[in-house]
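Each value in this text was obtained by applying a stated rule to the coordinates, not by laboratory testing. Note that the coordinates shown come from a computational prediction; the quantities given were computed from them, not determined experimentally. Neighbour counts run over all protein chains shown; Cβ positions are idealised from the backbone, glycine included.
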Amino acid sequence: MSLSSERLAKTVEKCVLEAPVVDIHTHLYSSSFGDLLLRGIDELLTYHYLIAETLRCIPMKPKEYYAMGKEEQADLIWKTLFLERSPVSEACRGVVTTLQEYGLDTSSRDLDSYRRFFSNISVEEHVDLAFKKANLEAVVMTNDPFDPVESSRWEEGAERDPRFLAALRLDPLLNTWTSAVPILKERGYDVAEDFSGKTVSEVRRFLEYWRKKMEPVYLAVSLPPEFTYPDTSPRGRLLEDVILPFCKETGLPFAPMIGVKKLINPELRLAGDSVGKSCIGAVEQLCLRNPEVRFLVSILSRENQHELAVAARKFSNLKVFGCWWFLNNPSLVEEITTMRMELLGLSFIPQHSDARVLDQVVYKWKHSKEIITKVLVRKYQDLMATGWTLGEDEIKRDVNSLFYGNVKDALNLA
Ligand SMILES: [Zn+2]
């Protein structure tokens, strides 16, 4: 049965709302990782997006800011961005949306009452609540085996929450090879900076070790705008001789996230990274020369989005995902999602949350779902204007592929 155009918007809205989400990229951890899982109002307020926004507004040096305790930092950000001016930026609005979704009174502006709410829920209840509010089925973490705190948690073999999937992140290996070498050596891997001897097989052994330990659903790396491929740098050699063959043999996808200019303002620390335009030719070469490897790609610069979507039309082993970081703003999500749908139909992964704080999944998915709904309704309206008919079951099928089906296919999840 076809829907009337009046019922179309309501039906899309309902299907999107009900669609469970598999969030392909976050920085969240399951509760078994202890304090690596960030949660609650003080973490929400001290998100690095808000640190950068606060330090634009007050005459305070980043060093002074970071010298304060967490609660004092959160107080300052609340006062500066929420009380002394209206919280209209996307990152600020996100905090308010989250409070509202949790049923808190946003008109009270009473930070202490928000703190009381979060301190009264256990970590297990908190994870369940955030998953319920965002309608999450699963999230993919970002797991760095070079991080001493994180790797020791993996070594201790804490119990796994099956809703938290692992992604083996390779930034130290691929971006700072000279610093990775001594760490690998210390852990018993016979590697050399000049790639002599057993280096290639030993890095391969390292990957194999962590594949067994983490059972990752993909391998990932964040890359600078200058990333190129093929390339004779250590990164190029590692990709060619170790990472890509490893992906080919194991069937694990490789997920480069390209375009981060690291620490453009070092004093700002995590808030100090920026964006640069990347070379999509490098992505095309990766896909062309490695047809058996599946690539999941997200690019940070708005200016690269059209070229990336066109590249995805040419290579079926390229899956575009998410509106990443500085792109995760309503105006840009709408523009990018519309363009992708026009070029790729439904064969892309429209969004990931990139959440660093548990509660961020609540607003990031709510805001994104609103925009994806809007884009879908417009596309269906255009179709129906031709006399094409649409049933609710077809809309549900399409929506589900956008929010979890495409992710599950890309990650080989059941
Ligand atoms: Zn991220």
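Here are the numbers for this structure:
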| quantity | calculated |
| --- | --- |
| Residue-span extension gain [residue 110 to residue 48] - 0.36 nm each, minus C-alpha spacing | 20.1 nm |
| Over the stretch 5-411, relative contact order from alpha-carbon pairs under 8 Å, at least 6 apart, % | 23 |
| Set of aspartates and glutamates with alpha-carbon distance to residue 262 below 20 Å, sequence-local pairs under 8 removed | 53, 144, 147, 171, 226, 273, 303, 354 |
| Sparse-neighbourhood loop sites, GluC sites (Glu not before Pro) in the stretch 115-173 - DSSP loop, at most 14 other Cβ within 10 angstrom | 159 |
| Taking 353, 196 and counting other C-beta atoms within 10 Å, the order from fewest to most | 196, 353 |
| Neighbour cut-off at most 13 other Cβ (10 Å), DSSP loop, GluC sites (Glu not before Pro), the stretch 272-338 | 292 |
| Volume in Å³ per residue [convex hull over Cα atoms, computed for the chain] | 151 |
| Extension reserve of the residue 154-residue 6 stretch, reckoned as 0.36 nm per residue once the Cα distance is removed | 48.1 nm |
| Sites residue 71 and residue 17 - FRET efficiency at Förster radius 51 Å, r taken between beta-carbons, to 0.05 | 0.90 |
| Packing-based exposure ordering (other Cβ within 10 Å, fewest first) of 184, 17, 358 | 17, 184, 358 |
| Rounded Å value of the spacing that divides the Cα centres of the stretch 255-295 and the stretch 3-73 | 22 |
| Residue order, fewest to most surrounding Cβ atoms within 10 angstrom, among 222, 89 | 89, 222 |
| Among the listed pairs 133/212; 277/379; 14/369; 132/379; 10/379, those beyond 21 Å (Cα-Cα) | 133/212; 277/379; 132/379 |
